[in-house]
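Here, each number is a calculation from the coordinates, and none is a lab measurement. Nothing here was measured: the structure is a model prediction, and the numbers come from that model. Please note: Cβ atoms are built from the backbone with ideal geometry, for glycine as well, and neighbour counts cover all protein chains shown.
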Amino acid sequence: MDLNLTLIPIVVIVIYLISSIKILAEYERGVIFRLGRVRPQPKGPGVILVFAPIDRIVRISLRVEAFEVPSQDVVTRDNVTVKVNAVIYFRVVEPIKAVLEVANFLYATSQLAQTTLRSVLGEVELDELLSQREKLNMKLQGTLDQHTGPWGVKVSMVEVKQVDLPDQMIRAIARQAEAERERRAKIIHAEGEVGAAQNLELAAEMMARQPIAIQLRYLQTLVEIGSEKNTTVVFPLPVDILSTLGRALEQAVKPPAKDA
């Protein structure tokens, strides 16, 4: 009977020691509160001892967390209403601050991301929102990291995921893009006409120095026409012949001058 009474405290002590053993993974740290006061250094990873009820442990993960910011109604600087959502990547770098400085760092970071997304994107115009996505991502990341730094949270990346435009704005952008394409096409066509005119001018100057070149060009044109297997026969007639015939006809029909 006395032996049993002796074994009971030993068994209780063994059970208490076993329950005090905690195992933390490589990516976890344990913030220990002893009698309500936080210990200077977080524990882990590996095997640690937590002597309840004197000690209380709060597990903190050091892995990168990905949080999707729900779609936010944003009014840009040029008064266009769009829906924007984003993804933020953050991790805890100081576990003690993440426990002491904020009640729930996950919830606080998500709410801060929503308000920051509306405030930062509301300062830019629609064209900048659509074309300078990388610049805005950097600005959002810097703003969030500045506010979450005192919480021991590091925001490593922010990516604007999707921008939903109203149907009227989509049609307006389509018309603008079409007009821009037409403008470029007209400019390219005009530049081509200028280049062709310059080349024709050079060719005319070269043929003027060598009159036989125009005859060779006539023969080359006949060869090109004949290669198409058609029955059309073209005889080149120089314009000079027509002008000469015109002057001859004028002389023929001109009445002779009367003698005084």
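Computed values, structure above
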quantity	calculated
Normalised alpha carbon radius of gyration of the chain [divisor 2.2 N^0.38 Å]	2.39
Residues of region 44-79 with amide N under 19 Å of the 7 Å Cα→Cβ point at residue 87	63-72
Percentage of interatomic Cα-Cα distances in region 34-148 larger than 16 Å	67 percent
Cα pair distances in region 2-61, grouped into 5 Å bins until the bin that holds the longest one, percent each	4, 18, 23, 19, 13, 9, 6, 5, 3, 0
Value of D in µm² per second that Stokes-Einstein yields for region 166-229, Kirkwood Rh from Cα pairs, at 37 °C (0.692 mPa s)	208 µm²/s
Label-to-label distance, nm, for residues given as residue 252 and residue 188 (7 Å Cα→Cβ offset)	5.4 nm
Relative contact order, percent, the chain [alpha-carbon distance under 8 Å, six or more residues apart]	13 percent
Region 65-165: relative contact order in percent, alpha carbon pairs under 8 Å with at least 6 residues between	40 percent
Per-pair calculated FRET efficiency, R0 = 35 Å: residue 111 and residue 33 via Cβ, rounded to 0.05	0.85
Sequence-distant residues sharing a close amide H with residue 157 (under 5 Å, placed H)	89
In region 1-105, trypsin sites (Lys or Arg not before Pro) in a DSSP loop with at most 12 other beta-carbon atoms within 10 Å	63
Structure-based [θ]222 nm, the chain - -39500 (n - 2.57) summed over DSSP H runs of at least 4, per residue, nearest 500	-17500 deg cm²/dmol
Entries of 139/161; 83/139; 43/139; 83/154; 22/154; 97/161 with Cα pairs more than 24 Å apart	43/139; 83/154; 22/154; 97/161
Full-stretch length increase - residue 65, residue 118 - with 0.36 nm per residue and alpha-carbon distance subtracted	16.9 nm
Label-zone membership for region 60-89, site residue 125, 7 angstrom Cα→C-beta point, backbone N under 11 Å	77-79
Potential lengthening between residue 223 and residue 138 on full extension [0.36 nm per residue; Cα-Cα distance subtracted]	24.0 nm
From phi via Karplus (6.51, -1.76, 1.60), per-residue ³J(HN,Hα) for region 160-167 in Hz, x at Gly/Pro	5, 7, 8, 10, 9, 9, x, 4
